[in-house]
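What follows is a set of notes on a single structure, which appears directly below.
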Amino acid sequence: MAQVGKRYVGPGGAEVIVTRGGPGTLSDGEVALALKDSGEAFGDQPERSEPLLQLGKRYKSSDGAVEVLVLKQGVCDLRYEGTEM
């Protein structure tokens, strides 16, 4: 669940905060984002070519149900329930 006010991190170093939540899952491609400070480790990641999430930019799900704000830029194929944001 994408919970309002929670910070999530991805394996590429991106960090987002949920400003509008929903019941689905946020992911970086096929890898679910982890709650910040949860202790979850992503392990070694191969070099990637996806674009950087831009600091301060908001991303919305295609149905508008979920919105996140980027707190730390990083390489990320940001998705909600498998659909690109």
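For the reader, a short list of remarks on this structure follows.
- Residues in region 51-69 that are within 14 Å of Gly12 (Cβ to Cβ) and either among the basic types (Lys, Arg) or touching a Cys at 6+ places or on another chain (Cβ under 9 Å) (or both): Pro51, Leu52, Leu53.
- Extreme residue, modelled with the lowest pLDDT, among residues of region 32-70 that are among the hydrophobic types (A, V, I, L, M, F, W, C) and open to solvent by 60 Å² or more (accessible area, probe 1.4 Å): Ala41
- A Cβ distance below 6 Å, combined with a sequence gap of six or more or placement on separate chains, defines the contacts here; from region 57-85, residues that are closer than 20 Å to Phe42 by Cβ reach residues that are modelled with pLDDT under 95 and of a type in the set (Lys, Arg) in the pairs Val75/Arg48.
- Residue match in region 6-20 (condition: without any contact (Cβ under 8 Å) to a residue 40 or more places away in the chain and surrounded by fewer than 19 Cβ atoms within 10 Å (Cβ to Cβ)): yes
- Where strands (runs of 3 or more DSSP E) fall entirely within region 1-43, those with at least 2 residues that are charged (D, E, K, R) and under 21 Å from Lys57 (Cβ atoms) are at 15-20.
The values are calculated or read from the model by the stated rules, or taken from the named source; none is laboratory data. Given the structure is predicted, the values throughout are model-derived calculations rather than measurements. FYI the Cβ positions are ideal-geometry reconstructions off the backbone, even for glycines, and counts take in every protein chain you see. SASA here: full protein model, heavy atoms, side chains in, ligands and nucleic acids out. Shrake-Rupley method; radii C 1.70, N 1.55, O 1.52, S 1.80 Å.
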